[in-house]
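Inspection log for the structure reproduced underneath, given as structure tokens.
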4 protein chains.
Amino acid sequence: MDIGVWLVGARGSVATTVVTGAAALRAGLAAPVGCVTAGPDFAEAGLPPIDRLVFGGHDISSTPLPKKAEELTRGGVIPAPLAELVRHDLEAADAEIRPGIESTRSDENRTQAAIAHSLISDITDFRERRGLTRVIVVHVASTEPPVAPHPAHDDLGALTAALGEPGEVLPPSSLYAYAALSAGCPYIDFTPSTGAWLPALDELARDRGVPYAGRDAKTGETLLKTALAPMFATRALAVRSWSGTNLLGGGDGATLADPAAGQSKKISKDRALPAILGHPVEGQTHIDHVAHLGDWKTAWDHITFEGFLGVRMSMQFTWQGCDSALAAPLVLDLARLMALAHERGQAGAVSELGFFFKDPVASDEHRLQAQYDRLREWARS
Amino acid sequence: MDIGVWLVGARGSVATTVVTGAAALRAGLAAPVGCVTAGPDFAEAGLPPIDRLVFGGHDISSTPLPKKAEELTRGGVIPAPLAELVRHDLEAADAEIRPGIESTRSDENRTQAAIAHSLISDITDFRERRGLTRVIVVHVASTEPPVAPHPAHDDLGALTAALGEPGEVLPPSSLYAYAALSAGCPYIDFTPSTGAWLPALDELARDRGVPYAGRDAKTGETLLKTALAPMFATRALAVRSWSGTNLLGGGDGATLADPAAGQSKKISKDRALPAILGHPVEGQTHIDHVAHLGDWKTAWDHITFEGFLGVRMSMQFTWQGCDSALAAPLVLDLARLMALAHERGQAGAVSELGFFFKDPVASDEHRLQAQYDRLREWARS
Amino acid sequence: MDIGVWLVGARGSVATTVVTGAAALRAGLAAPVGCVTAGPDFAEAGLPPIDRLVFGGHDISSTPLPKKAEELTRGGVIPAPLAELVRHDLEAADAEIRPGIESTRSDENRTQAAIAHSLISDITDFRERRGLTRVIVVHVASTEPPVAPHPAHDDLGALTAALGEPGEVLPPSSLYAYAALSAGCPYIDFTPSTGAWLPALDELARDRGVPYAGRDAKTGETLLKTALAPMFATRALAVRSWSGTNLLGGGDGATLADPAAGQSKKISKDRALPAILGHPVEGQTHIDHVAHLGDWKTAWDHITFEGFLGVRMSMQFTWQGCDSALAAPLVLDLARLMALAHERGQAGAVSELGFFFKDPVASDEHRLQAQYDRLREWARS
Amino acid sequence: MDIGVWLVGARGSVATTVVTGAAALRAGLAAPVGCVTAGPDFAEAGLPPIDRLVFGGHDISSTPLPKKAEELTRGGVIPAPLAELVRHDLEAADAEIRPGIESTRSDENRTQAAIAHSLISDITDFRERRGLTRVIVVHVASTEPPVAPHPAHDDLGALTAALGEPGEVLPPSSLYAYAALSAGCPYIDFTPSTGAWLPALDELARDRGVPYAGRDAKTGETLLKTALAPMFATRALAVRSWSGTNLLGGGDGATLADPAAGQSKKISKDRALPAILGHPVEGQTHIDHVAHLGDWKTAWDHITFEGFLGVRMSMQFTWQGCDSALAAPLVLDLARLMALAHERGQAGAVSELGFFFKDPVASDEHRLQAQYDRLREWARS
Ligand SMILES: NC(=O)c1ccc[n+]([C@@H]2O[C@H](COP(=O)([O-])OP(=O)(O)OC[C@H]3O[C@@H](n4cnc5c(N)ncnc54)[C@H](O)[C@@H]3O)[C@@H](O)[C@H]2O)c1
Ligand SMILES: NC(=O)c1ccc[n+]([C@@H]2O[C@H](COP(=O)([O-])OP(=O)(O)OC[C@H]3O[C@@H](n4cnc5c(N)ncnc54)[C@H](O)[C@@H]3O)[C@@H](O)[C@H]2O)c1
Ligand SMILES: NC(=O)c1ccc[n+]([C@@H]2O[C@H](COP(=O)([O-])OP(=O)(O)OC[C@H]3O[C@@H](n4cnc5c(N)ncnc54)[C@H](O)[C@@H]3O)[C@@H](O)[C@H]2O)c1
Ligand SMILES: NC(=O)c1ccc[n+]([C@@H]2O[C@H](COP(=O)([O-])OP(=O)(O)OC[C@H]3O[C@@H](n4cnc5c(N)ncnc54)[C@H](O)[C@@H]3O)[C@@H](O)[C@H]2O)c1
Ligand code: NA
Ligand code: NA
């Protein structure tokens, strides 16, 4: 009856907030604010209850979850006494965290196939040890740079062969996805990393009858873009520029300050606008690391548009959010929804979850309300 | 084949921009930016083309349209040479403007029924003189204060009787609506004034088989509220406060600086949020007159919301729009759509046009995208 | 050697932050961030050190300081363990708090002179009991409405007579000021309440040889106005409108939501701009209570100005501050500076402290930098 | 009696606005809004009147000034009929424009010394032909990338020798500065280009007894930084980050979109903050080209700071200005002030004009009010 949630990046801010929050909800210490699936539209969908979720995961950090939760308390992400009150749950989840893989570079002694094998064992051991109906794997590790193309990415046979050779054919996020799918586990890419985004892995998912979803959860600027751009579109106002500056601290901010990783994020952030408006729009998107902001993000967007008779107008907004608090309930939502998809036997890309993502798999629909309507219909169906 | 558009407030900023813009579109001098019904979703709906619209109206001002258009040119609402290029059309429309009524206070010599009679004649004369298939009446006059309740507002029989007596039972906007409906003309309340918003006038519309719609077009802060609030709702983020300050110059700004008239606007502005979120939200809405802004409006909204584990976050936006440029294309849209409703034999409140209004008649749906979907379906049906 | 600081409103947010902060500084648990007089410009001025300040005061609330400090900790004003660490100091100050006066309405049994007498005793007892060189009285109680004019306000003789009669000639803030000055204590009006702002009290201060200062500390919108308006002035840019919306929660927000009290605040807020620019400027100032903001304030200001050849431009800013954290260090600064003024034998209004106030006594200089330069010179002199 | 103003970049937006504006002021068609020296503080300084300024210059563009003025009229920089009304003055100035130099790469046929010689002749011919008391050269051409160091930059002798050789020792802006100073003309660097910013040119200025000033006029974000940062400094608030995004269209925007040229601008923009605050501050400055903004600039700055007890606060502002309208009156101011400096026999860097510049020559004072005070004293002295 219990469902496993295997977090890749299990000691990060998002993961720690997920584990703390699920425990708080279970203990009745918090309301499910920010949980989409807690609303009445999903009451009949047969989703697994949050208090039946059991957590484990991979990470390359060894900071224990209770310590990370203390940091987040100091940073204002977790309210003051909560981490203490659910310490037992944090320790239990921490005990289920296994060492992740920093790189996938293999050598004569250890091929990528062998690395994948050990990841698979970690997951299946968890499933068996804890007697779980299924395990949902969620990638919430640091964002990777975009991956260089490789012929083995396009074909499962070629990929299987390449993994048996020395070298590095898959980045870590994709090796985690490979392991999850191989273990028969639904996989979610919460980040813009490559993950399951390769034809060979899509083939693997369909072969194994396992669903996957992604990518890159929308929790700030992009969420707003997909709420606002349809307004301009239906009102026939001609958006002429859309510029954005994102200031963020925290671990994620430090990662994205690296231009290579930042590039992955920008690619996924830049999908929505032309898709909704039907034409390209000038303007840049900046992602700056501002350590003093801690776990908080400030996004400023400036939009110019043309109205009747060519009159120029503008709009700007500032979004000040706590990233992990915005992301964590969505991880719980996605775990519940993917459990449903798996139970229903859905295989391959789950396009109906586009509501959650900046760069939704197998879907060109970016309009937030339309995505929500589709999600609700799917859940009810 | 030609359709009349009778503008109450025909020499105001919105009306002048409507007439100038329609002429510019007809002459191929401008693209229909901001016209919702110019999009592909409405191509098959059988709407009357914009170049078959013929303009007239009532106003209490005697400033001729070409002069008003020059003012709007200096104010940056109408691009520099356009008013000159369509001067002929402005003069033609100006020749169709008749004196409006400043007040509806009647005396022994002239009852309200008599005043209404003369308004009706103005409209039917226009229809006949210009050989129009139908005439759509659009109220774009200065906003009135909310009207005091009166028993005759609730019943058509009582109203008819009261109009024959001395006294003032209806405010001007409602007497215009009474005249329009009595003349068998579809009526649109583009403003928050009382207009057709009385049970007795609803009865009149249904009796005569005439459609009406309203009220108070949404072109700025409220438009944004109805685009953004659904995002908070579907994401289960708990909006805790929503505060707004609207700075506007122009004639409308001067009118709304009067607390009584401003009250009408605030009432219609405050409908959307509790309807979308399902609960009241703290925060005030200010409307300030800032003459230096001219025809431009600046709206600043500040929203606080609670996320996962009670974390407090906020968002703010600033909208800088040219009010008349935002409103004018919607007047064209509404005239076309109401012509269709009339042609289809629809009578009474047209709830399907809620997409355009702050306080939509016969509808509690305020979510912008849902309103659009409903409008599109209706137009296609 | 020790200096007393007698806080009127000693259990409010500002006062509690003052006492907590002074204790934290003394214990080396915090740096004097926000303390103007901690900078090198004041090192030679002979100001009493912060760790020689001893606190007491009046309040009408009976919530003990340690409890209030816990509330402020939950609200994010005081960092998490600090209130615990300085609990002893909070208790010590709490023991020096005496019941304040809710109203100054007197009856046959008790004249205002008698009420004042008991306030004077509270202060002089504190001075003697604690062996203090001098006691500085700072009014940080809830803002009062503006007071109605009364002939006895203009003349000390008339005032003395009137205080001996039944009735209410002075509002509470002014009776506190009367008591402070009568006790020979320097008095600071940190709020926009009437306080010492009456000719009769100015006479009293000069008679007794006691300095007083005020009024209404500038910590947000007005601080920014006095930093920014000089920029427009020296650059010869013609400011045409300045509109402001202040959203604030907390006790102060609740008080100012009352239009009468809000009026006092607006009056003091509106002084600076015309004084700096040399002409009136259109635009309103709103103060809204938004409970969800807690101890935080958000101020949005929108400015339009005209440049070369009449081109219209604008600027807007949003200030998000923690009011008590902004105010508390200034209370410490003012206590130190007024101790100096007293030691120097200065009597009556101290115009050199205008840097701290929205409505500076005996000064028309509102330009922030000019005020700072004057303060620095005075301190050094 | 007449004073020449020789504009390098004489057909650009700033230059065209300068010439149009000076003509408008002379004709009484506009007030000197934005002209610092039109204020009472400068009334006694003996500055040459604006209507005695005669314009000429260098440019590599051949678009005539009247045509450029029409463009600026369409863009809303110059009010509608003005360019027509002063057409004669625009034509007169256009007749005094000579071809500029695109590059300073020399070959065997033509050394840089020879190029400089022809620039000098252009300026001295202008002076003589128009009978001018003196000619002030103002660099308002497109921003150049930073120049690579060269040994001849540090010594006038070495520079003179190098200019006689083939090759490129000076960038165009510096060759213009060399020519101006050699012709005995005061030189102003209104842009961040290298200009006179080389020890060898400083030596030349002092040798010839000619004053020079610069660099990079502050008209937006940096102006605000220098007005606001002193507020944080005097209030002892610890600024922890300052991030800025500048969106600009126009010719200047297109130039600065080139990373090399943008770099020059960023360097000059980044001087003020650490100088005023006394320590480095995290945060980036972005300059984005947004063509749709035309001649308008939007700057958004976000500041985080720490207050008492470490509480984190923030402020943000948006500045929406018309760059050329902000810059043009300062060009007039600087021409007048440099004429005074020249008349007074001042030679070399004029540090007293720092009020106008992002990166003031020979001065570390960046605080706006302090700069103004110094300017006023100097003008009066
Ligand atoms: N918070 C949001 O709103 C949001 C939205 C969309 C996407 N994301 C993405 O979620 C991810 C997590 O964000 P965060 O704020 O928790 O970041 P974080 O830096 O706090 O945590 C990342 C964690 O991943 C671990 N990690 C790094 N490389 C790993 C590897 N190869 N294998 C296993 N673990 C590894 C790190 O040790 C760390 O514990 C980021 O990629 C971020 O871009 C976050
Ligand atoms: N522009 C927008 O975005 C927008 C949006 C929604 C609603 N509205 C409403 O549209 C209306 C018109 O706005 P505007 O900017 O054109 O205002 P405006 O002040 O420029 O024009 C109003 C016109 O109405 C005329 N008028 C006043 N009383 C009248 C009467 N009793 N009979 C006939 N004419 C009368 C005036 O003389 C004037 O010509 C306002 O009520 C406004 O609130 C505008
Ligand atoms: N925080 C700032 O930035 C700032 C700036 C300028 C002025 N002020 C002013 O400082 C004052 C205090 O602000 P706060 O945030 O601490 O408010 P608060 O509401 O938290 O505290 C006010 C205190 O005054 C007490 N009080 C009320 N009436 C009294 C009376 N008659 N006698 C004695 N005590 C009385 C209350 O019981 C309460 O403890 C307000 O008037 C505010 O306007 C604050
Ligand atoms: N507008 C402001 O607020 C402001 C503030 C500070 C600095 N500036 C600087 O002023 C300069 C002018 O700005 P603008 O908006 O007028 O730009 P612009 O692009 O409109 O004009 C620049 C002019 O310089 C000319 N030019 C380019 N290279 C030249 C050369 N080698 N010799 C002679 N002429 C040359 C161009 O042909 C053009 O006419 C820019 O460097 C800008 O960075 C402007
Ligand atoms: Na409704
Ligand atoms: Na004063």
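Sequence-ordered 3J(HN,Hα) estimates for the stretch C:357-369 from the Karplus curve with 6.51, -1.76 and 1.60 and θ = phi - 60° stand at 10, 6, 9, x, 5, 6, 8, 9, 7, 10, 6, 4, 5 Hz, glycine and proline given as x. When both the stretch C:319-381 and the stretch A:354-378 are represented by their alpha-carbon centers, they are found 57 Å apart. Taking the Cβ-Cβ separation of B:Ala114 and B:Ala45 as r and a Förster radius of 35 Å, what is the calculated FRET efficiency to the nearest 0.05? Computed FRET efficiency for B:Ala114 and B:Ala45: 0.30.
Protein heavy-atom surface of the protein assembly as shown, 1.4 angstrom probe: 50% of the accessible area is carbon and sulfur, with nucleic acids and ligands not counted.
How well do other chains shield peptide A:243-255, expressed as the mean number of their Cβ atoms within 10 Å of each residue Cβ?
2
Normalised by the number of residues in the stretch D:1-111, the mean separation of alpha-carbon contacts (under 8 Å, six or more apart) gives a relative contact order of 37 percent.
Near the amide H of D:Val54, within less than 5 Å, lie the amide hydrogens of D:Ile3, D:Gly4, D:Val5, all on another chain or at least 5 residues away, with H placed in the peptide plane. Considering only B:Ser61, B:Leu29, B:Ile136, the residue lying farthest towards the positive end of the dipole of chain B is B:Leu29, judged by Cα position with unit charges set on Cβ. Classify the stretch D:271-381 as rounded, prolate or oblate from the Cα gyration tensor: take a ≥ b ≥ c as the square roots of its eigenvalues, call it rounded if a/c is under 1.5, otherwise prolate when a/b beats b/c and oblate if not. Oblate, because a/c is 1.5 or more while a/b does not exceed b/c. A simple charge model with +1 on the Cβ of Lys and Arg, -1 on the Cβ of Asp and Glu and nothing else charged puts the dipole of the stretch B:221-322 at about 300 debye relative to its Cα centre. Each other copy holds its own label point for C:Glu165; taking that point as 7 Å from Cα along Cα to Cβ, the gaps run 5.5, 9.8, 10.6 nm, nearest first. Cα gyration tensor of the stretch D:132-208, axes a ≥ b ≥ c as square roots of the eigenvalues: rounded (a/c below 1.5), prolate (a/b > b/c) or oblate? Judged from the Cα gyration tensor, the stretch D:132-208 comes out oblate (a/c at least 1.5, b/c at or above a/b).
Each Lys and Arg Cβ is given +1 and each Asp and Glu Cβ -1; about its Cα centre, the stretch B:337-376 then shows a dipole of about 80 debye.
Scoring C:39-50, C:128-139, D:243-254 by mean Cβ neighbours within 10 Å over their residues and listing the highest first yields D:243-254, C:128-139, C:39-50.
Using only the Cα atoms of the stretch D:298-340, build the gyration tensor, take square roots of its eigenvalues as a ≥ b ≥ c, and label the shape rounded, prolate or oblate: rounded if a/c is under 1.5, else prolate if a/b is larger than b/c, else oblate.
Oblate, because a/c is 1.5 or more while a/b does not exceed b/c.
Dipole check for the protein assembly as shown: with +1 at the C-beta of Lys and Arg, -1 at the C-beta of Asp and Glu, and the Cα centre as origin, the magnitude is about 0 Debye.
Ignoring lysines fewer than eight residues from D:Lys358 along the same chain, the ones with Cα atoms less than 20 angstrom from its Cα are D:Lys218, D:Lys225, D:Lys265, D:Lys266, D:Lys269, D:Lys297.
If a spin label sat at a point 7 angstrom from the Cα of A:Ser61 along the line to its beta carbon, no backbone N atom of the stretch A:207-246 would be nearer than 11 Å.
Starting from 0.36 nm per residue, how many nanometres of slack lie between A:Glu102 and A:Arg208 once their C-alpha separation is accounted for?
Result for the pair: 35.5 nm of gain on full extension.
Solvent exposure of the protein assembly as shown amounts to 33 Å² per residue of accessible area, where only protein heavy atoms count and the probe is 1.4 Å. Packing around the peptides D:346-354, B:349-357, taken as the average count of other Cβ atoms within 10 Å per residue, puts them in this order, highest first: B:349-357, D:346-354. Distance between the C-alpha centres of the stretch C:42-85 and the stretch C:147-168: 35 Å, rounded to the whole angstrom.
Sequence-distant contacts, meaning Cα pairs under 8 Å at least 6 residues apart, place the relative contact order of chain D at 20 percent.
Label-point spacing for B:Asp51 across the identical copies (point 7 Å from Cα in the Cβ direction), in nm and ascending order: 5.3, 6.9, 8.7. Would you mind pulling out the separation of the Cα centroids of the stretch B:206-266 and the stretch A:269-311, in Å? Result: 25 Å between the Cα centres. Partners of A:Lys68 within straight-line reach, counting aspartates and glutamates whose Cα lies under 17 Å from its Cα and excluding those fewer than 8 residues away in the same chain: A:Asp59, A:Glu84, A:Asp89, A:Glu91, A:Asp94, A:Glu96, A:Asp252, A:Asp295, A:Asp323. Inter-chain neighbour count for C:320-326: the average number of beta-carbon atoms from partner chains within 10 Å of each residue's beta-carbon is 6. Inter-copy label distances at A:His279, using a point 7 Å along Cα-to-Cβ, come to 4.2, 4.3, 5.0 nm with the shortest given first.
Taking amide H as placed 1.01 Å from N in the peptide plane, B:Trp296 has its amide H under 5 Å from the amide H of B:Gly249, each at least 5 places away in sequence or on another chain. Could you calculate the FRET efficiency of A:Ala80 with C:Ala31 from 1/(1 + (r/R0)^6), where r is the beta carbon distance between them and R0 is 25 Å, rounded to 0.05? The value I calculate is 0.60.
A dipole drawn for the stretch D:221-322 from +1 and -1 charges on Cβ atoms has a positive end, and of D:Thr222, D:Val281, D:Ser243 the residue lying farthest that way is D:Val281. Peptide C:72-80 has a mean shielding of 3, counted as Cβ atoms of other protein chains within 10 Å of each residue's Cβ.
Just want to confirm a number: the relative contact order over the stretch C:221-322, from Cα pairs under 8 angstrom separated by 6+ residues, in percent.
On the way: 182 pairs, mean separation 38.8, N = 102.
Reported relative contact order: 38 percent.
Interface of D with A. Using a 1.4 Å probe and counting protein heavy atoms only, the two chains hide about 2300 Å² of accessible surface, both sides summed.
The values are calculated or read from the model by the stated rules, or taken from the named source; none is laboratory data. On a predicted model such as this, the values are computed, not experimentally measured, just so you know. Methodologically, a virtual Cβ is constructed for each residue, glycine included, from the backbone with ideal geometry; neighbour enumeration extends over all protein chains shown. Protein only, heavy atoms only, side chains kept; ligands, DNA and RNA dropped before computing areas. Shrake-Rupley method; radii C 1.70, N 1.55, O 1.52, S 1.80 Å.
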